[in-house]
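Right, one structure below, let's go through it.
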Amino acid sequence: MYPPRLRYVAPKSLDEAFAVMAEYGDDAKVLAGGQSLVPMLKLRFASPAVLVDINGLSDLAYHRAESDGSLRIGALCRHVDLERSALLPGRYPTMAAAAPQVADPIVRNRGTVVGSLCHADPQGDWASVLLALNGQVVVAGKDGRRTISVADFVVGPFQNSLAAGEIAVEASVPAAKGTPYGSYLKLERRVGDFATVGVAVAIETSGLQISRAGIALTGVGPNTIQAIEAEQALIGQALEPDVIARAAGLAAGAARPRSDHRGSAEYKRHVVETFVRRALSSYRLAVPA
Amino acid sequence: MSQALDEVKIGGLGSSRQRVEDARFIRGRGNYIDDLKLPGMLHMEILRSPLAHARIISIDTSAAWAIPGVRLVLTGEMAAQRNLAWMPTLSYDTQAVLATDKVRFQGQEVACVVADDPYIAKDACEAIVVEYEPLPVIVNPIQSLAPDAPLIRDDKEGQTDNVCYRWEVGDKQGTDRAFAQADHISRLKLHYPRSHPSPIECCGSVADYNAATGKLTVYMTTQAPHIIRAAVALVAELPEHMIRIVSPDLGGGFGNKVPVYPGYVCSILGSILTGKPVKWIEDNFGNLISTGFGRDMYLDSELALRKDGKILAVRFHADTDQGAFFSDAQPSKFKIGLVHSAFACYDIPVGHITARGAYTNKAPGGVAYRCSFRVTEAMFFQERMIQAAAADLGMDQAQFRRINLRRADDFPARTPFGFLVDSGQYHKCLQLGLDAIGYEDFKREQAQARSRGRRLGIGISTMTEPLGAGNSREYDILGIKMFDSAELRVHPTGKAILRTGAKTQGQGHETTWAQIVSHELGIPADDVIVEEGDTDTAPFGMGTYASRSTPVAGAAVSMVARKVRAKARKLAAHLLEVSEEDIEWELGRFYVRGAARRGVTIQECAMAAYTNMPDGMEPGLENNAYYDPPNLTWPFACYIATVEVDPETGVWDVLRVVAVDDCGVRINPMIVEGQIMGGLAEAYAMANMQFMTYDADGNMIGANYIDYLLPTAWETPGFELHEVVTPCPHHPIGAKGVGECAAVGGPAAFVNAVMNALEDTGVRNIDMPVLPDRVWQAIQTGRDVSGVPPVRQD
Ligand SMILES: Cc1cc2nc3c(=O)[nH]c(=O)nc-3n(C[C@H](O)[C@H](O)[C@H](O)COP(=O)(O)OP(=O)(O)OC[C@H]3O[C@@H](n4cnc5c(N)ncnc54)[C@H](O)[C@@H]3O)c2cc1C
């Protein structure tokens, strides 16, 4: 790899990192797993003046469930950590479904969840998963920290709402209030491929009724898409075939796919509908006693 | 008396001996082009065109020259001063080394920089300012051959259209007559998409011109070092004995490393101009966007059929998309490779083929990628056509093949296009495959599944292909006949070094050639070292591609070992004090006829060759052999795949794959099986996911490994391998080529399986790769799906 000339720093503390970030402002880039940034450097699509390698900040390498039931994911939590985590199955089903489908095993060893959110690739899997789960991102800089909803954090294709000098330190998923069900269905051409279509579904139920619903779409628009109308169509409903069909249709309507070598727009829209239907039809709700 | 040697134990024929080259490869101790560092070496980087077709208005290199550490900025204009802006190709065309007048494909070489390190070279390339005037872009032959298409090769005197060649073979009148008598005519049109050999290691070279001695040494990634030496002698006007081409360990080739690329030429020119060694290492992007690809053929064919299923005649037309230059490395006599080997396994009385090449604004190439000169398209097309014809007649596809496959007692025979097929047990292979997959059971299962809305499919591909170019009557490249060679030197202690004119790039020659020597001489394979790739030491040969190494160079190994054995026999007679006529041979040992205890080993003979030769005998035990094969070798294969198609998403999964290969005598069965599995994996990739396509502006989609998909162990199905052995009648040890069989014959098995699953929809063809969205579209519309690159609609 022959990137443009750049400075490399490996801070030993967050404060040190903030100082460098503040000094360089927009010309600084955080290096996390490097699985998106390094290819961009190689292709010279990115030419930062300085790379701030946060891999030494081992305090950020965590994910944990809080006593209130929320899940916190530090900036150095790798995809593989979630793939292998015992915390996820059952309690965070959408997360558990997505983790083994992100990229390939080699990329999962290095890539981070927070890095993926920061990268804001419309084909990135984590953004839609966290969007469907109503997730948040904690960002920090020399002047303090703030919490941003994922919906407001991932603002555009390859654009996040970090201010110059800020680092994302944590992502989080709020506690489920009902019984959680979730899926991540991904159509890929090959293992390690970005999604042709990805659909994240996260619902919570109370009895046989849906109390919360999150549906977000990967790869079918210029941004990660939250299918708000489809979500609303589920609230207060039971998982009956007509309800499912309506939500699936609304989700497909929310997609804004483009025809390309991965498939036609029409096809991608059809797959969104199929996946939403398949996901919602797969839940066997625990019947309240 | 000594115990007779166990041939398998000493690593002879039939031994699945571990690959000796792996010891260094898996330990990271190989020596690839990028491992090479010469004192004072400089680094070269190429600036490529962002546009597919544009006139060059100006090139400003001043900012690049101004960067410290830049030693040379080379443009087409400067190359032209040395008569090197253009070079001849191996298909008697010309190709731009560095563009002077216009760029003709995206990724074309426009300028290059030689600098102290690769970072500087890259920075300097970015500092070169090129002003282009965009021209209309042509991305497929339909567009290219249209009457008012813009002229791509306006550099060529007398060229008034975009036709790059025309070719024809067969009997037109006879074919027309047969069609007139047919009960039914089946027709199929398809496009075999462009694919890329994509070796892990890209191309590269280190050119080292020594002004004091006048000698040019080029270390380079080439599958054919001697052809390159001849080409460099002609292009660079250097005397051939002052050129040394060294091909080090190669990280794969698959045909990608046969042609001469501009990068090689520029590194040579760079070294001559700077007086320093110059290294050029291509990156993945450069490799995918500019170097030799495979296929990109448009086929339209008809079969004349009798009601009972007998094929009466075949005719087809092929258009090839050659890209901007006709740069294929292929036998000179044939403009579209060996595409006329199509239908060679079927007993068809008559046929006619026409073919045409089209220039387009795409990277040049066509024949590369694990293929004996376009037989991949020929066999794919043949087997797709066979399936379509069987379906048209409402006949079982296996039965249709049985009716038409040549019978084992029907050899030798001429195909309608002039090939001589010499042996085979086609029916036996087919039956073995059908039994292995459980054909009748599967058909029942398929019918049951269909009644429950599930779509299962089974696809068969049977084919024989011509491997091992060539024989000198018909096959040459630039006039040089396609023989090959081996040189064997046995040292006093009975150890030996073998060199050949081939060049291994993953096939395992270092292992296999030693086994042939072992078979012929009884020397343990471990005692034979194999060296290839250095034109100063290796005998002249045509290199490795088209599955030709074992058929040609491997035969030369046998022949040279036999020459050595003949001399050893004289030495044995001398040592045993009997006349040569009284000497018998068993593996590794000569003995006196009727007195088996009195004998000498081959090692004892070797020692005598240096220490105790008879009066008048030349010392030493070595020889060489140039082998000109009497015919091609004709391996046969039957591949059968079963699939399930998800009609809702168009996704198809492979259930099972059965492969029956008859490649004659297997020298190292493990290596043969590895070649077959590798070929099947590639076949699956081509059928399922892999293609390089272009948008209407000529931008290549897939000049990276995110979009150009190589299959991984995860999705590649498992393969069940079987064998039949029909020894090649003319090869010294009965071996045939095999390296490409599965990649050639495999794709049709997968595609036929998917088409079989869709048979009731009326869809006859989905172009490869059979992507889920294409399957879905076919099911939705009931119409064929074309994969032809789209053209601009404005
Ligand atoms: C072959 C391959 C296949 C892939 N397939 C998929 C896939 O299928 N699905 C998918 O979702 N992704 C895929 N990816 C991308 C992968 O998941 C990346 O790991 C991820 O997108 C980025 O995470 P990272 O930690 O590697 O970030 P980096 O590459 O280190 O950084 C990416 C960007 O985010 C910024 N950044 C990173 N961390 C922070 C931080 N804490 N604060 C502020 N800015 C930060 C960087 O400055 C940079 O701009 C693939 C990557 C490869 C190489």
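The values are calculated or read from the model by the stated rules, or taken from the named source; none is laboratory data. Nothing here was measured: the structure is a model prediction, and the numbers come from that model. No Cβ is skipped: glycine too gets one built from the backbone with ideal geometry, and neighbour counts run over all protein chains shown.
Structural remarks
- Per-region count, region B:239-249, residues surrounded by fewer than 24 Cβ atoms within 10 Å (Cβ to Cβ) and touching a residue at least 40 places away in the same chain (Cβ under 8 Å): 5
- Residues in region B:644-665 that are part of a loop (DSSP other than H, G, I, E, B), away from every other protein chain (no Cβ under 13 Å) and surrounded by fewer than 24 Cβ atoms within 10 Å (Cβ to Cβ): B:665 only.
- Meets criteria (more than 9 Å from the ligand (Cβ to nearest atom) and either polar (S, T, N, Q) or surrounded by fewer than 24 Cβ atoms within 10 Å (Cβ to Cβ) (or both)) for residue A:70: yes
Rundown of residues vs (1) more than 14 Å from chain B (Cβ to nearest Cβ); (2) touching a residue at least 12 places away in the same chain (Cβ under 8 Å), yes/no style:
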site: A:215; (1), (2): yes, yes
site: A:239; (1), (2): yes, yes
site: A:259; (1), (2): no, no
site: A:268; (1), (2): no, yes
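Yes or no, residue by residue, for (1) out of contact with any Cys (no Cβ under 9 Å at 6 or more places or on another chain); (2) of a type in the set (Asp, Glu); (3) free of Cβ contacts under 8 Å to residues at least 24 places away in the same chain:
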position	(1), (2), (3)
B:85	yes, no, yes
B:106	yes, no, no
B:112	no, no, no
B:120	yes, no, no
B:123	yes, yes, no
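- Boolean, residue A:127 is modelled with pLDDT under 95, within 10 Å of the ligand (Cβ to nearest atom) and either at negative phi or out of contact with any helix residue (DSSP H, G or I) (no Cβ under 7 Å at 6 or more places or on another chain) (or both): no
- Selection count, region A:84-122, where residues are within 8 Å of the ligand (Cβ to nearest atom) and touching a Ser or Thr at 6+ places or on another chain (Cβ under 6 Å): 1
- Count - residues of region A:132-156 that are closer than 16 Å to residue A:216 by Cα and either within 13 Å of the ligand (Cβ to nearest atom) or assigned by TED's automatic domain parsing to the domain that holds residue A:230 (or both): 2
- Among the candidates A:105, A:122, the residue that is surrounded by fewer than 20 Cβ atoms within 10 Å (Cβ to Cβ) and of a type outside the set (Asp, Glu) is uniquely A:105.
- Subset of region B:666-701 (residues that are in a loop (DSSP other than H, G, I, E, B), within 14 Å of chain A (Cβ to nearest Cβ) and not charged (D, E, K, R)): B:689, B:690, B:691, B:692, B:696, B:699
- Here the condition is being within 14 Å of chain B (Cβ to nearest Cβ), surrounded by 14 or more Cβ atoms within 10 Å (Cβ to Cβ) and not polar (S, T, N, Q); of A:48, A:11, A:3, it holds for A:3 alone.
- Strands (runs of 3 or more DSSP E) (entirely within region A:56-151) containing at least 2 residues that are farther than 30 Å from residue A:205 by Cα: A:136-141, A:144-149
- Test: residue in region A:185-199 that is away from chain B (no Cβ under 14 Å), within 16 Å of the ligand (Cβ to nearest atom) and out of contact with any Lys or Arg (no Cβ under 6 Å at 6 or more places or on another chain): no
Conditions (1) within 14 Å of chain A (Cβ to nearest Cβ); (2) of a type in the set (Gly, Ala, Ser), marked per residue:
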residue: B:718; (1), (2): no, yes
residue: B:734; (1), (2): no, yes
residue: B:752; (1), (2): no, no
residue: B:760; (1), (2): no, no
residue: B:770; (1), (2): yes, no
residue: B:781; (1), (2): yes, no
residue: B:786; (1), (2): yes, yes
